[in-house]
1. For Cα pairs less than 8 Å apart in space and 6+ apart in sequence, what is the mean separation divided by the residue count of region 190-243, i.e. the relative contact order in percent?
2. Find how much the distance from residue 26 to residue 278 grows on full extension, using 0.36 nm per residue of separation minus their present alpha carbon separation; answer in nm with one decimal.
3. In degrees from 0 to 90, rounded to the nearest 10, what is the angle of the helix 2-13 Cα long axis to the longest principal axis of the chain?
4. Ignoring any ligand, DNA or RNA, what whole percent of the accessible area of region 130-285 comes from carbon and sulfur when the probe is 1.4 angstrom?
5. Extension gain residue 70-residue 347, at 0.36 nm per residue separation less the Cα-Cα distance, in nm?
6. May I ask you to derive the FRET efficiency for residue 171 and residue 59 from their Cβ-Cβ distance with R0 = 56 Å, giving the value to the nearest 0.05?
7. Determine the distance separating the Cα centre of region 9-62 from the Cα centre of region 253-293; give it in Å without decimals.
8. Among (1) 21.9, 65; (2) 22.3, 74; (3) 37.9, 128, only one was calculated for this model; which label is it, if the read-out is Rg and Dmax of the Cα atoms in Å?
Amino acid sequence: CIPILVIVWFLFTAKSVRLEFSPPVDSVSVSGGLSFELGGVYLLRSGDYRIQATAQGYEPLDSPLTIGGARNQSFVLNLTKLPGIVAINSAPEGALVIFQDTELGTTPLRDVHLPAGGVELSFSTPRYQPLSTIVDIAGMHQPQSIDVTLLPDWADVSVTSIPSGAEIYIDDEVTGVTTPGTVEVMTGEHEIRVSMAGHRSHRQRILVAAQETLTLEPITLQQADGLLQVTTVPPGAGITLNGNFEGVSPIEIAVRSNARYRVAVFKAGYAGIERSVQVASNEQKQLSLALRRLTGDVVVIAEPADAQLYIDGRSVGTANQTVSLTTEAHRLEIRRDGYAGYSTEIVPRDG
């Protein structure tokens, strides 16, 4: 008699619940309480349950489900596709592949698991334009191949000179190409230099765009009696010859042979250098100079003692200290929570 009463009580208090699955599933189980299923409709009492379902090619579903007080209820449950098993290739090979800020490795890649649906992959490798593309991944553990072609990030620049046989440099780096010749130059602005023994080097700025062909006007090299090449560490120092400004290092200057020249080198924050040089006929003389950085000591005293010192926006520790700074303008700040800040600009003196 009691089992019959329990069944009647369950049928009287249970709710009619329709569970719809996308896609259709192979198996379903309901846990968390007494349940009865008939033609896709479940009899469940109000409360919390867990629904487990499986379908080929999809992640197993394990979802909570709360049954309310309504007599008839309906729920749609979606399963997630399994990842796709993807091979990724690029031309050229060796491109770095990034997915959601994670490096997957360099091409060719095999057995990469990617979520189903549209995913964005980024490709990059030196000398080629970066590429980002949206790829539709089938998922469901289906094998899939992705092939991309990266575009060159350089232009072909044709250079001729009179006389021919001059060496071509890009940003002072050897290309191994002589005139007349064609060099590959990366996208952007660069300096091209054409040099030949016994002649003054030719320098010019060029702006190139990827995959374009640029032909320079023929370059006539001027014969030089002597050449003086001045380099400095660091580069970018101003160079004067007998008081006349010639440019910034590294630089090549045409000079008269067997004449005495006074070379002066200057750069902000560094000690100046003067040298006397003489170049023989048809000589190409190298003058390499290391500049000494000028510094001065700055003593900082502050109250309270735990205030913090910032130099040019960078924290260097507590304010009470002696710092060695270059003889250029610097912004000094002293900060502490709860106090008004202090800021000043100073130019230390050498020594």
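1. In percent, rounded to a whole number, it is 32.
2. Extra length from residue 26 to residue 278 when fully extended: 81.4 nm.
3. Approximately 50 degrees, to the nearest ten.
4. Looking at region 130-285 in its full context, I get 49 percent from C and S.
5. 91.7 nm
6. Using R0 = 56 Å, I get an efficiency of 0.60.
7. 89
8. (3)
The values are calculated or read from the model by the stated rules, or taken from the named source; none is laboratory data. This is a predicted model, so every value here is computed, not measured. For neighbour counting, all protein chains shown are included, and Cβ atoms are generated from backbone atoms with ideal geometry for every residue, glycine included. For accessibility, only protein heavy atoms count, side chains too; no ligands or nucleic acids. Shrake-Rupley method; radii C 1.70, N 1.55, O 1.52, S 1.80 Å.
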